[in-house]
Amino acid sequence: MGNHFIAFLMVTALGVPADQLCGTLDPTNAQMRRAVREIEAAVQMHQELRIPWPNKITFPTVVHVPNPSVPDSKVTREIERVNKVFKPLGFQLELKGIRRYDTSDPLVQEYMRKCFSHWRVRRDFQRMASEDPRTTLNIYTCDPVPRENSVAMAYLPWDYPEGSFWHGITLADEQGWPYLEHELGHYLGLLHTFLGGCTDPNDWIVDTPAQRKPFLNTCPERRDSCKSKRTPGLDPVRNFMGYAGYRCVDHFTDDQQLAMLYSAMAYRPTIWALSQ
């Protein structure tokens, strides 16, 4: 394992951002300690057994669309857009289906309105709708009310066992799609770049400089809000794991790419194996 990965593992997560554009919860220290052990063990096993790395990790993807006004063409277009970002990193979404639902079904109606605000509704819908999360990335769309709710979310890969219906990504029909790259980052183990502000350990990632606070849908240029940090540099405002807004963000870092690959190895082993 390289020095960057060792540094990536040797920290814990702190804090919850005030602005909840994304509904993904920050992990606890206990969760992070467990994740460190599990990722280290997976990497060591692959090295000892000389298990080859896939040329690319392919996620068969099903998009669940209860809203009949969302056309298939939009779904296809958004998947193609995201693949332009992730293919160079070694990942690919392979759209294998768009699932439609009976809008007269009370569960579907409730889910459409309460997908972010009521976890029991999200649980019931995903339990009913999800295709095997071991082999499939499930993306769920909805039309939340009120609009102040989060517009996107994903559970972190260590939150639930590989086959749990909880895994997947939830997006608001209109506002959520531009943040699919961000949520895929969470699905593959990345945290917000502003996590913890100017205090260690921030987001676990060595090459993302610390950032004092999120910038919600703004893109300040050349700001260094944590000048005394051990990880120097300008705030990573243009990173996909921030809140700067889809017109601003444009990249993941090298260490974020490595972190996503290691997380896929540890927590998405079936998809990893099928990608060989």
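The values are calculated or read from the model by the stated rules, or taken from the named source; none is laboratory data. In this text, all values refer to a predicted model and were calculated from it rather than measured experimentally. Here Cβ is always computed from backbone atoms with ideal geometry, including for glycine, and neighbour counts include all displayed protein chains. We work out accessible area using only protein heavy atoms, side chains counted, and drop any ligands, DNA or RNA first. Shrake-Rupley method; radii C 1.70, N 1.55, O 1.52, S 1.80 Å.
Is it true that some residue in segment 116-135 is free of Cβ contacts under 8 Å to residues at least 60 places away in the same chain, basic (Lys, Arg) and surrounded by 17 or more Cβ atoms within 10 Å (Cβ to Cβ)? Yes: segment 116-135 contains one or more residues that are free of Cβ contacts under 8 Å to residues at least 60 places away in the same chain, basic (Lys, Arg) and surrounded by 17 or more Cβ atoms within 10 Å (Cβ to Cβ).
Scanning segment 173-195 for residues that are more than 13 Å from the chain's Cα centre (by Cα) and either hydroxyl-bearing (Ser, Thr, Tyr) or surrounded by 23 or more Cβ atoms within 10 Å (Cβ to Cβ) (or both) turns up Phe194, Leu195.
For first residues located in segment 96-113 and open to solvent by 60 Å² or more (accessible area, probe 1.4 Å), partners that are in a helix (DSSP H, G or I) and lie 6+ apart or on another chain with Cβ distances below 6 Å form the pairs Glu110/Val121.
When every residue of segment 254-266 is checked against the conditions, at least one turns out to be within 15 Å of the chain's Cα centre (by Cα), of a type outside the set (A, V, I, L, M) and open to solvent by 10 Å² or more (accessible area, probe 1.4 Å).
For segment 159-172, give me the residue count where each residue is open to solvent by less than 10 Å² (accessible area, probe 1.4 Å) and either touching a Pro at 6+ places or on another chain (Cβ under 6 Å) or under 20 Å from Arg33 (Cβ atoms) (or both). So that I can check it myself, show each step before the final result.
Pass one, segment 159-172, residues open to solvent by less than 10 Å² (accessible area, probe 1.4 Å): 167-172.
Checking the rest, the ones that are also either touching a Pro at 6+ places or on another chain (Cβ under 6 Å) or under 20 Å from Arg33 (Cβ atoms) (or both) come to 167, 172.
Number satisfying all stated conditions: 2.
Quick check: is even one residue across segment 213-231 out of contact with any Leu (no Cβ under 8 Å at 6 or more places or on another chain) and closer than 24 Å to Val43 by Cβ? Within segment 213-231, one or more residues are out of contact with any Leu (no Cβ under 8 Å at 6 or more places or on another chain) and closer than 24 Å to Val43 by Cβ.
Looking only at residues of segment 197-251 that are exposed (fewer than 15 other Cβ atoms within 10 Å of the Cβ) and polar (S, T, N, Q), we find that the one that is farthest from Val82 (Cα to Cα) is Ser228.
Out of the residues in segment 23-40 meeting the condition of being part of a loop (DSSP other than H, G, I, E, B) and of a type outside the set (Val, Ile, Thr), tell me which one is nearest to Trp177 (Cα to Cα). If you could, list the steps in order and put the result at the bottom.
Quick first cut of segment 23-40, residues part of a loop (DSSP other than H, G, I, E, B) only: 23-28.
Next cut, of a type outside the set (Val, Ile, Thr) only: 23, 25-27.
Working: Gly23: 14, Leu25: 19, Asp26: 21, Pro27: 24 Å.
In this case the residue turns out to be Gly23.
Scanning segment 48-59 for residues that are of a type in the set (S, T, N, Q) and open to solvent by less than 100 Å² (accessible area, probe 1.4 Å) gives a single hit, Thr58. Out of Val70, Val43, Val75, one residue alone is among the aliphatic types (A, V, I, L, M), farther than 16 Å from Ala273 by Cα, open to solvent by less than 30 Å² (accessible area, probe 1.4 Å) and assigned to a helix (DSSP H, G or I). It is Val75.
Listed by first and then second residue, the pairs with beta-carbon distance under 7 Å, at least 6 apart or on different chains, first residue in segment 36-56 and more than 18 Å from Trp158 (Cα to Cα) and free of Cβ contacts under 8 Å to residues at least 12 places away in the same chain, second basic (Lys, Arg) and open to solvent by less than 60 Å² (accessible area, probe 1.4 Å), form an empty list.
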